[in-house]
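J.: Here it is, the structure in full.
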Amino acid sequence: MKISLALLILLLAAAWTGSQGISFRSSRATCCSKEKFSRRKIPEVKIQSHLYTAPSCTHRAVLVKLQKGTVCVDPQERWFQEYLRKKKLNSTST
């Protein structure tokens with residue numbers, strides 16, 4: 001009985017800590033306003049990495065890291081979807 005109670009408390013603490021971590025990551029710094037979205041296609045060779053914004057952000061976006069900074073991109077853009085498909089193909093073939 002004591003072990004199951006201790007396990008329950010540990011699981012609750014882990015769940016609470018995890019939810020607190022999500023709220024810290026969803027700060028304004030990781031969200032994009034509509035005005036900051038890039039409308040241009042970004043050449044694949046310039047993309048270093050990408051990260052989806054938090055679900056709590058007003059606009060769904062992808063933060064695309066470039067050598068000279070970060071831009072916001074609509075994840076539904078055709079060119080970005082093509083980029084993801086190519087990246088997935090390359091990662092599964094290696």
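The values are calculated or read from the model by the stated rules, or taken from the named source; none is laboratory data. As the structure is a computational prediction, the values presented were derived from the model and not from experiment. Using ideal geometry, Cβ is built from the backbone for each residue, glycine included, and neighbour counts are taken over all protein chains shown. Calculation scope for accessible area: heavy atoms of the full protein, side chains included, ligands and nucleic acids excluded. Shrake-Rupley method; radii C 1.70, N 1.55, O 1.52, S 1.80 Å.
J.: When the stretch 32-67 is examined, which residues are found to be charged (D, E, K, R) and either open to solvent by 90 Å² or more (accessible area, probe 1.4 Å) or without any contact (Cβ under 8 Å) to a residue 24 or more places away in the chain (or both)?
T.: 34, 35, 36, 39, 40, 41, 46, 60, 65
J.: In the stretch 40-68, what count of residues is obtained for those that are part of a strand (DSSP E or B) and of a type in the set (Gly, Ala, Ser)?
T.: 1
J.: List the residue pairs whose Cβ atoms are under 9 Å apart, where the first residue sits in the stretch 68-80 and is closer than 11 Å to residue 32 by Cβ and without any contact (Cβ under 8 Å) to a residue 60 or more places away in the chain, the second is crowded, with 17+ Cβ neighbours inside 10 Å and aromatic (Phe, Trp, Tyr), and the two are 6 or more positions apart or on different chains.
T.: 73/80; 74/80
J.: For residues that are among the charged types (D, E, K, R) and modelled with pLDDT of 90 or more, scanning just the stretch 1-57, find the one that is farthest from residue 79 (Cα to Cα).
T.: 46
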